[in-house]
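The values are calculated or read from the model by the stated rules, or taken from the named source; none is laboratory data. These numbers come from a predicted model, not from an experiment. Cβ placement follows ideal geometry from the backbone for every residue including glycine, while neighbour counts extend to all protein chains displayed. The area values use the complete protein model at the heavy-atom level, side chains included, leaving out ligands, DNA and RNA. Shrake-Rupley method; radii C 1.70, N 1.55, O 1.52, S 1.80 Å.
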Amino acid sequence: MEIKELFNLFGKKTSQNSRIKKFKIDSRQIEKGDFFVPIKGSRYDGHLFIKDAIKKGAVGFFTQKKDPHPGSLHVRSTLEALIKVGKHKRKKLSFAIGITGTSGKTTTKELLDFVLSDHFKTYSTPGNLNNEIGHPLTLANIPEGTQAGIFELGAGKIGDISYLVSISQPEIRVLTSVGYGHTEKFGSFENVIRGKGEILEGGDVGIIPYCVKDFYQHKNVITFGSEEGSDIKILSVNINDNGTEGIIQIGKKSYRVEMPVFNMAVFNNLGAVFGVLQYLEIDPEKTIEKLRLFYLPEGRGKVIRQKNITIIDDSYNANPLSVENAIKTLSMMKGKKIIVLGDMLELGVYSIQKHKEVGKLIQNSSIDTAVFYGEQMRYAYEILKGKKDVYYFEQKRDIADFISSQKEKTTVWIKGSRGMKMEQIIHQIVQD
């Protein structure tokens, strides 16, 4: 985007004609050619760092205060200005896909970007920029010539998804799953259902799990799941030595799919992906072959091999739905199996109950050893104590030492909510 185009968008004039490399909200990340957007929040005011941004090479900046600098663009609200730029860039896309759900958002986003890049010039949400600031920032940085936008939308309370889809207006709306996540802020599981369902307020099509179709109304839906009646039907899922394999039925035809990913839930995400492909009238044959090359990013199920230990790095986040999937997937793997779990945060009044349920799930699984960390995971530990090989540690260093001490071939699954920073355990194991 040119500086002149940006100024014209706000009805202002400038003599500058520089190209904007990227829009940034963090002055520490500014590089030469970036445009700085100082956000005024409850704890900090980005305007205090405008001079730092200019020194680092910013070609301009929004400001809610008058500033004589030639790159200054005075606006009523810098966040509203960022949203305006995002909407302007979004209009240049051929279509957009919005994705939300209790779990599976990022994996579904990564999968869609991976397979649709064969057919369109794609751009997807980088990292976890999926909230009221991150989403417009993502839109503002859509590269020129992009045809398909694939956007992850996060929600912590009622109204969040409605707000985000009002900005990007995706034609294709994907709901990956509905479970107990962020219930502390949502207030109840019923509110989670309602909040996630806001993704279906508009758009041309909704891609949703068959099991929740009765909760929502939409003029046009494509369903996925293992239930009879699903448009995209998951017939089987298995874990083998190389990853996950299964059979998916699309229409009257069945396809065998293999992926180098150890995660049963990935087939749920694939159901959503194939729903999008069906709507776009894209033949799934080539996609199925390409999926053999798909790998998950760090913290989302990435496989790390360390001597005799295979680590499944699922440390990015956790909620009851994704932890249940981790337990089921690990149970299907061969050899000695250890699960390491940190607290599932933001569950509110459901927290004790849901952590106890984790203990019961592990008790009835083929997992050999369970290791717990965090105050809430004590409840899971108490359920399992005396019934399985189970440990509770207060220090991550002790967990790393315990894992590193394993002598036989062992698979270790490590998972916890973002605030638990379970990846630190992995870093310590790798460094040993």
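Looking at the structure I just gave you, is Ile352 among the hydrophobic types (A, V, I, L, M, F, W, C) and open to solvent by 40 Å² or more (accessible area, probe 1.4 Å)?
yes
Output yes when any residue across region 5-22 is in contact with a helix residue (DSSP H, G or I) (Cβ under 6 Å, 6 or more places away or on another chain) and open to solvent by less than 10 Å² (accessible area, probe 1.4 Å), and no when none is.
Looking for residues that are in contact with a helix residue (DSSP H, G or I) (Cβ under 6 Å, 6 or more places away or on another chain) and open to solvent by less than 10 Å² (accessible area, probe 1.4 Å), one finds none in region 5-22, hence no.
Restricting to region 133-163, count the residues that are outside any strand (DSSP E or B), within 15 Å of the chain's Cα centre (by Cα) and not small (Gly, Ala, Ser).
4
Scan region 332-351 residue by residue and report those that are more than 16 Å from Ser404 (Cα to Cα) and among the aliphatic types (A, V, I, L, M).
Hits for region 332-351 are Met332, Met333, Leu341, Met344, Leu345, Leu347, Val349.
I'd like to verify a number: residues in region 321-349 that are modelled with pLDDT of 95 or more, in contact with a helix residue (DSSP H, G or I) (Cβ under 7 Å, 6 or more places away or on another chain), open to solvent by 20 Å² or more (accessible area, probe 1.4 Å) and assigned to a helix (DSSP H, G or I), how many?
1
Of all the residues that make up region 179-209, how many are open to solvent by less than 30 Å² (accessible area, probe 1.4 Å), touching a residue at least 24 places away in the same chain (Cβ under 8 Å) and not in a helix (DSSP H, G or I)?
Going through region 179-209 one residue at a time, the tally reaches 8.
I'd like to check something: does region 99-118 contain any residue that is more than 30 Å from the chain's Cα centre (by Cα) and free of Cβ contacts under 8 Å to residues at least 60 places away in the same chain?
No: region 99-118 contains no residue that is more than 30 Å from the chain's Cα centre (by Cα) and free of Cβ contacts under 8 Å to residues at least 60 places away in the same chain.
Return the residues of region 149-176 that are out of contact with any Ser or Thr (no Cβ under 8 Å at 6 or more places or on another chain), among the polar types (S, T, N, Q) and open to solvent by less than 10 Å² (accessible area, probe 1.4 Å); say none if nothing qualifies.
Of everything in region 149-176, just one residue is out of contact with any Ser or Thr (no Cβ under 8 Å at 6 or more places or on another chain), among the polar types (S, T, N, Q) and open to solvent by less than 10 Å² (accessible area, probe 1.4 Å), namely Ser168.
Answer yes if at least one residue in region 277-286 is over 30 Å from Ala370 (Cα atoms) and part of a strand (DSSP E or B), and no otherwise.
Checked against the condition, which is being over 30 Å from Ala370 (Cα atoms) and part of a strand (DSSP E or B), region 277-286 yields no hits at all.
Does any residue in region 234-245 that is small (Gly, Ala, Ser) come within less than 8 Å, Cβ to Cβ, of a residue that is surrounded by 12 or more Cβ atoms within 10 Å (Cβ to Cβ) six or more places away or on a different chain, and which pairs are these?
Ser236/Gly246; Ser236/Ile247; Gly243/Glu258; Gly243/Met259; Gly243/Pro260; Gly243/Val261; Gly243/Phe262
Out of all the residues in region 107-125, which are outside any helix (DSSP H, G or I) and more than 19 Å from Lys91 (Cα to Cα)?
Within region 107-125, Ser117, Asp118, His119 qualify.
Output the residues belonging to region 27-47 that are modelled with pLDDT of 95 or more and open to solvent by 30 Å² or more (accessible area, probe 1.4 Å).
Residues satisfying the conditions are Arg28, Gln29, Glu31, Lys32.
From Tyr379, Tyr350, grab the single residue that is of a type in the set (Phe, Trp, Tyr), under 28 Å from Phe189 (Cα atoms) and in contact with a Ser or Thr (Cβ under 6 Å, 6 or more places away or on another chain).
None of the other options fit; the residue is Tyr350.
Every residue, every condition in (1) surrounded by fewer than 13 Cβ atoms within 10 Å (Cβ to Cβ); (2) charged (D, E, K, R); (3) out of contact with any His (no Cβ under 7 Å at 6 or more places or on another chain), yes or no:
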site: Glu382; (1), (2), (3): no, yes, yes
site: Gln395; (1), (2), (3): yes, no, yes
site: Asp401; (1), (2), (3): no, yes, yes
site: Glu408; (1), (2), (3): yes, yes, yes
site: Thr411; (1), (2), (3): no, no, yes
site: Gly416; (1), (2), (3): no, no, yes
site: Met420; (1), (2), (3): no, no, yes
site: Gln431; (1), (2), (3): yes, no, yes
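Inspect all residues belonging to region 362-376 and state whether any of them is hydrophobic (A, V, I, L, M, F, W, C), open to solvent by 10 Å² or more (accessible area, probe 1.4 Å) and either part of a strand (DSSP E or B) or touching a residue at least 24 places away in the same chain (Cβ under 8 Å) (or both).
no
Given the options Lys51, Lys66, Lys55, Lys92, name the one that is within 31 Å of the chain's Cα centre (by Cα), surrounded by fewer than 17 Cβ atoms within 10 Å (Cβ to Cβ) and of a type in the set (Lys, Arg).
Lys92
Can you tell me which residue within region 285-308, out of those that are touching a residue at least 12 places away in the same chain (Cβ under 8 Å) and crowded, with 17+ Cβ neighbours inside 10 Å, is nearest to Gly203 (Cα to Cα)?
By that ranking, first place goes to Thr287.
With (1) in contact (Cβ under 8 Å) with a residue 60 or more places away in the chain; (2) buried (at least 19 other Cβ atoms within 10 Å of the Cβ); (3) hydrophobic (A, V, I, L, M, F, W, C) as the list, and Ile282 as the residue in question, which single condition is left unmet?
With (1) in contact (Cβ under 8 Å) with a residue 60 or more places away in the chain; (2) buried (at least 19 other Cβ atoms within 10 Å of the Cβ); (3) hydrophobic (A, V, I, L, M, F, W, C) applied to Ile282, the lone miss is (2).
Which residue pairs have Cβ atoms closer than 6 Å, lie 6 or more positions apart in sequence or on different chains, and pair a first residue in region 403-432 that is over 16 Å from Glu298 (Cα atoms) with a second residue that is open to solvent by 10 Å² or more (accessible area, probe 1.4 Å) and outside any loop (DSSP other than H, G, I, E, B)?
Hits for this filter: Glu408/Lys336; Thr410/Lys336; Thr411/Thr310; Thr411/Lys337; Asp432/Ser404.
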